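**Student:** Next up is a structure, given as structure tokens.
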Amino acid sequence: MLDVVYILLTLAFFGLMVAYVRACEHLGREGTGEEDRP
Amino acid sequence: MTAIGWLQIVVFSLAVLAVTKPVGVYLVRVYDGSVRWLAPVERVIYRLCGIDPDEDQHWTRYAAGLLLFSAISMLATYVVLRLQAHLPLNPFHRAAVPDRQAFETAASFTTNTNWQSYTGETVMSYLSQMTQLAFHNFTSAASGVAAAVALARGIARRSGGRIGNFWTDLVRGTLYVFLPLSFVLALLFVQQGMIQNFHPYVTATTLEGAKQVLAMGPVASQEAIKQLGTNGGGFFNANAAHPFENPTPWTNFLSTLAIFVVPAGLTYMFGRMVKNRKHGWALWAAMFVLFLGGVATAYWAEAKGNPIHAAHGVDVVASATNPGGNMEGKEVRFGIAASALYATVTTDASCGAVNSMHDSFTPLGGLVPLVNIQLGELIFGGVGSGLYGMLVMAILTVFIAGLMVGRTPEYLGKKIQSREVRMAMLYVLIFPAVILLLTAASAVLPAGLKGLNNNGPHGLSEILYAFSSVTGNNGSAFAGLTGTTYYYNTLLGLGTLFGRFAMMVPMLALAGFLAERRIVPASVGTFPVTTPLFVVLLIGVILIVGALTFFPALSLGPIVEHLLMGAGRLF
């Protein structure tokens with residue numbers, strides 16, 4: 001029974017990490033106005 | 001302390017120095033694509049997996065590749081461990097690994113931690129050991145180096161946030177670095193008497209007439225990548241204290257050296273990539289000073305021994321017939337110096353292999369491995385994670401130096417501004433947050449306290465060490481903590497995941513942000529990063545960050561235990 005819980009926990013963790021990537025990307029753009037893209 | 005003990009440490013240090021440049025040069029050639037001797041194999045892998053090896057990925061895509069690969073391989077390991085009873089290469093009919101341990105083990109090996117709450121020789125089938133655990137030993141190491149190379153590219157070039165290709169970095173690291181190095185090292189181990197077979201277990205009769213079952217298996221091949229990939233998960237429960245896993249002084253020396261080979265080479269590789277070799281050596285010097293401080297402290301504390309033993313008439317002075325000091329939990333074949341050296345190296349790097357039991361060290365001797373882990377596993381460090389951890393600290397160092405003189409900080413020609421510092425601080429803060437929150441919870445919750453074998457400050461040290469070890473992706477155990485419960489298996493598994501990926505993501509973001517910046521030439525206001533002053537400042541930042549975050553917890557654990565030991569109390 002707990003197999004499902006552990007598999008869902010794993011998927012939830014990596015889903016959280018994907019959201020974290022997007023949050024970091026957002027933080028990188030937010031309000032800096034300093035990007036000097038090529 | 002003895003002259004021969006110090007000689008071992010000096011010879012080891014010289015060996016690390018000697019391998020740094022050749023390994024670094026080779027790593028540069030691997031990751032710039034100029035090493036091609038397995039090109040046909042590479043092409044087949046790319047074609048089968050649908051990889052475009054020429055794609056230069058944006059950091060978000062690089063991170064997504066890393067997360068996707070880790071998620072799929074972790075789930076595959078979980079499934080195999082749960083189904084091993086029905087799968088081949090299971091001659092001893094091992095049952096399914098319990099769900100909680102399968103989760104923890106899958107997470108632990110995916111993250112290069114290799115924390116083991118099971119006894120390898122009695123729980124895992126050969127199939128599980130060879131296709132899952134050994135697979136992660138290679139790929140988790142290669143993905144760590146890939147991430148470090150990505151950060152180095154971000155610093156070295158201006159490419160609109162593009163930092164390389166995760167899939168080619170992963171494949172090339174595995175094919176050209178870890179497989180050949182492991183092959184050579186495994187042959188050396190076999191030559192020294194380490195076992196490598198698929199024989200059934202052997203029943204032996206001891207001198208007392210008792211029957212003892214001796215586990216067999218493909219140990220040498222696992223041992224090589226276990227050390228080179230800073231994985232640390234032993235084939236046997238006793239890890240490198242087991243005579244089949246560490247049969248001679250030479251295997252002990254080679255396996256200790258193997259832990260530092262790639263991390264040391266990465267510092268030189270970084271210097272070459274950013275066209276500032278002196279800076280690569282400056283990073284190496286900072287790592288070496290911290291290593292030397294750790295090993296000297298551990299050796300001194302263990303050689304001095306426990307004053308309570310001396311008070312009871314035990315001879316703790318080293319002589320020709322007595323190693324002296326604290327020999328509890330140490331393999332008599334290796335003695336105090338080699339045990340202190342191994343304990344320091346395995347926790348400087350995020351290896352976690354052990355040839356002695358850290359729980360049996362004196363309080364200050366045991367403090368060294370704990371502090372090494374808590375500094376962020378950056379003293380040479382895990383393969384890849386050591387270098388990128390040190391680079392984050394270097395960026396914070398130039399930031400602080402910039403604040404001191406009132407100039408915009410630069411690091412190797414890249415301006416360090418708010419978004420870079422945000423990512424660096426995320427990286428630095430997540431680590432202690434995970435360790436301290438989980439330790440605090442476990443120190444008060446009944447489920448956490450239930451696993452303790454010792455009370456008082458030593459019990460706190462056991463909990464603190466466990467969460468530091470998994471979050472630092474080290475994997476060594478202080479022992480004394482019963483981790484085979486739903487509470488600990490689940491939380492320790494989650495600790496490994498957060499300690500790996502919640503730190504890698506901001507580090508890759510930092511790489512991407514730096515890759516967007518143009519390279520500015522050095523000016524009179526640029527803080528030089530090749531001088532002894534930089535090395536001292538870097539070491540200061542590392543120690544201050546570590547001390548500020550962990551000193552209160554350490555003072556309640558090993559430090560108070562040391563003071564009470566002086567007053568005659570043990571825990």
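Quick grid of which residues meet (1) modelled with pLDDT of 95 or more; (2) over 13 Å from residue B:258 (Cβ atoms); (3) more than 23 Å from the chain's Cα centre (by Cα); (4) crowded, with 24+ Cβ neighbours inside 10 Å:
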| position | (1), (2), (3), (4) |
| --- | --- |
| B:173 | yes, yes, no, yes |
| B:177 | yes, no, no, yes |
| B:184 | yes, no, no, no |
| B:193 | no, yes, yes, no |
| B:208 | no, yes, yes, no |
| B:212 | no, yes, yes, no |
| B:221 | no, yes, no, no |
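**Student:** Going through B:119, B:77 one at a time, which residue ends up being over 20 Å from the mean Cα position of the chain (by Cα), surrounded by fewer than 18 Cβ atoms within 10 Å (Cβ to Cβ), under 30 Å from residue B:237 (Cα atoms) and polar (S, T, N, Q)?
**Tutor:** None of the other options fit; the residue is B:119.
**Student:** Then there's this: Please verify whether the stretch B:513-533 includes one or more residues that are crowded, with 24+ Cβ neighbours inside 10 Å, within 14 Å of chain A (Cβ to nearest Cβ), among the small types (Gly, Ala, Ser) and touching a residue at least 40 places away in the same chain (Cβ under 8 Å).
**Tutor:** yes
**Student:** Okay, next question. Across the stretch B:154-166, what is the number of residues that are within 19 Å of residue B:74 (Cβ to Cβ) and surrounded by fewer than 23 Cβ atoms within 10 Å (Cβ to Cβ)?
**Tutor:** Residues flagged as within 19 Å of residue B:74 (Cβ to Cβ) and surrounded by fewer than 23 Cβ atoms within 10 Å (Cβ to Cβ) within the stretch B:154-166 amount to 0.
**Student:** Taking the stretch B:329-378 as the region of interest, how many residues are touching a Lys or Arg at 6+ places or on another chain (Cβ under 7 Å), under 19 Å from residue B:314 (Cβ atoms) and in contact (Cβ under 8 Å) with a residue 40 or more places away in the chain?
**Tutor:** Residues that pass the stated criteria total 2.
**Student:** Taking the condition of being within 14 Å of chain A (Cβ to nearest Cβ) and among the β-branched types (Val, Ile, Thr), how many residues in the stretch B:38-76 meet it?
**Tutor:** 2
**Student:** Here is a check on your reading of the model: is residue B:297 under 21 Å from residue B:540 (Cα atoms) and hydroxyl-bearing (Ser, Thr, Tyr)?
**Tutor:** So residue B:297 fits the description; yes.
**Student:** So which residues in the stretch A:22-32 are more than 7 Å from chain B (Cβ to nearest Cβ) and within 16 Å of residue B:511 (Cα to Cα), if there are any at all?
**Tutor:** Once the filter is applied, which keeps residues that are more than 7 Å from chain B (Cβ to nearest Cβ) and within 16 Å of residue B:511 (Cα to Cα), the stretch A:22-32 yields A:22, A:23, A:26, A:29.
**Student:** Looking only at the stretch B:483-499, which residues are facing chain A (nearest Cβ under 10 Å) and either acidic (Asp, Glu) or under 30 Å from residue B:57 (Cβ atoms) (or both)?
**Tutor:** B:493, B:494, B:497, B:498
**Student:** Quickly run through the stretch A:10-21 and pick out the residues that are at the interface with chain B (Cβ under 7 Å from one of its Cβ atoms) and aliphatic (A, V, I, L, M).
**Tutor:** Matches in the stretch A:10-21: A:17, A:18, A:21.
**Student:** Further question on the same structure: Could you tell me which numbered condition residue B:44 fails, if it satisfies all but one of (1) without any contact (Cβ under 8 Å) to a residue 24 or more places away in the chain; (2) within 30 Å of residue B:393 (Cα to Cα)?
**Tutor:** Going through (1) without any contact (Cβ under 8 Å) to a residue 24 or more places away in the chain; (2) within 30 Å of residue B:393 (Cα to Cα) one by one, residue B:44 breaks only (2).
**Student:** Scan the stretch B:127-153 and report the pairs whose first residue is surrounded by fewer than 24 Cβ atoms within 10 Å (Cβ to Cβ) and whose second residue is acidic (Asp, Glu) and outside any helix (DSSP H, G or I), with Cβ atoms within less than 6 Å and a gap of 6+ or a chain change.
**Tutor:** Listed pairs, sorted by first residue: none to list.
**Student:** Within the stretch B:406-421, can you find the residues that are closer than 17 Å to residue B:523 by Cα and in contact (Cβ under 8 Å) with a residue 12 or more places away in the chain?
**Tutor:** Of everything in the stretch B:406-421, those that are closer than 17 Å to residue B:523 by Cα and in contact (Cβ under 8 Å) with a residue 12 or more places away in the chain turn out to be B:407, B:409, B:410, B:411, B:412, B:413, B:414, B:415, B:416.
**Student:** Let me ask something additional. Considering only residues that are touching a residue at least 60 places away in the same chain (Cβ under 8 Å), within 18 Å of residue B:357 (Cβ to Cβ) and either within 24 Å of the chain's Cα centre (by Cα) or part of a helix (DSSP H, G or I) (or both), which ones fall in the stretch B:298-328?
**Tutor:** B:298, B:299, B:301, B:302, B:303
**Student:** What number goes with the only condition from (1) modelled with pLDDT of 90 or more; (2) over 23 Å from residue A:7 (Cα atoms); (3) surrounded by fewer than 16 Cβ atoms within 10 Å (Cβ to Cβ) that residue B:455 does not pass?
**Tutor:** (1)
**Student:** Among the residues that make up the stretch B:193-213, is at least one of them out of contact with any Gly (no Cβ under 6 Å at 6 or more places or on another chain), under 30 Å from residue B:56 (Cβ atoms) and of a type outside the set (Ser, Thr, Tyr)?
**Tutor:** Among the residues of the stretch B:193-213, not one is out of contact with any Gly (no Cβ under 6 Å at 6 or more places or on another chain), under 30 Å from residue B:56 (Cβ atoms) and of a type outside the set (Ser, Thr, Tyr), which makes the answer no.
**Student:** Checking residue B:571 against (1) in a helix (DSSP H, G or I); (2) surrounded by fewer than 24 Cβ atoms within 10 Å (Cβ to Cβ); (3) aromatic (Phe, Trp, Tyr): exactly one of these is not met. Which one?
**Tutor:** If we test residue B:571 against (1) in a helix (DSSP H, G or I); (2) surrounded by fewer than 24 Cβ atoms within 10 Å (Cβ to Cβ); (3) aromatic (Phe, Trp, Tyr), just (1) comes out false.
**Student:** Shifting gears a bit: Looking at the stretch B:322-378 only, could you name the residues that are hydroxyl-bearing (Ser, Thr, Tyr) and closer than 30 Å to residue B:426 by Cβ?
**Tutor:** B:344, B:346, B:347, B:350
**Student:** Could we say that residue B:339 is surrounded by 22 or more Cβ atoms within 10 Å (Cβ to Cβ), among the small types (Gly, Ala, Ser) and touching a strand residue (DSSP E or B) at 6+ places or on another chain (Cβ under 8 Å) here?
**Tutor:** The answer is yes for residue B:339.
**Student:** Okay, next question. Every residue in the stretch B:77-102 that is among the small types (Gly, Ala, Ser) and within 11 Å of chain A (Cβ to nearest Cβ), please.
**Tutor:** Within the stretch B:77-102, B:96, B:102 meet the criteria.
The values are calculated or read from the model by the stated rules, or taken from the named source; none is laboratory data. Please read all numbers here as calculations on a predicted model, not as lab measurements. FYI the Cβ positions are ideal-geometry reconstructions off the backbone, even for glycines, and counts take in every protein chain you see.
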